[in-house]
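Before any comments, here is the structure.
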Amino acid sequence: MKISYNSQPQRNLIGNQIFKLRKSRKLSQKEMAAQLQVQGYYFSELTILRIEKGKRLVTDIELKILCDYFRITPNDLLGYGDGGRLV
């Protein structure tokens, strides 16, 4: 099955949000990956890098895992404001 997305080089909306959240917690990609792995999820340093750079799509399960990890809502991670609009 082919996944449709626009022709932009960025493939996800959350990469920049993940980067900001990780940096605000003073975590390296390696530290974040290790913490997720301790919780039983396979996220490598490379996986986090590719998500942050917009080079990798994020599944719905991964979206939930990342929201739980950062203790935020999917709307926060997707960049939606209070009014439900993308900001």
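No lab work stands behind these numbers, since they all come straight from the coordinates. Since we're looking at a predicted model, the values are computed, not measured. Virtual Cβ from ideal backbone geometry, glycine too; neighbours counted across all protein chains shown.
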What nm distance separates the two modelled labels at E31 and T73, each placed 7 Å from Cα along Cα→Cβ? 2.9 nm
13 Å beta-carbon shell around K20, net charge (K/R +1, D/E -1): +2
Based on the mean of other Cβ atoms within 10 Å per residue, sort peptides 34-45, 62-73 so the most packed one is first. 62-73, 34-45
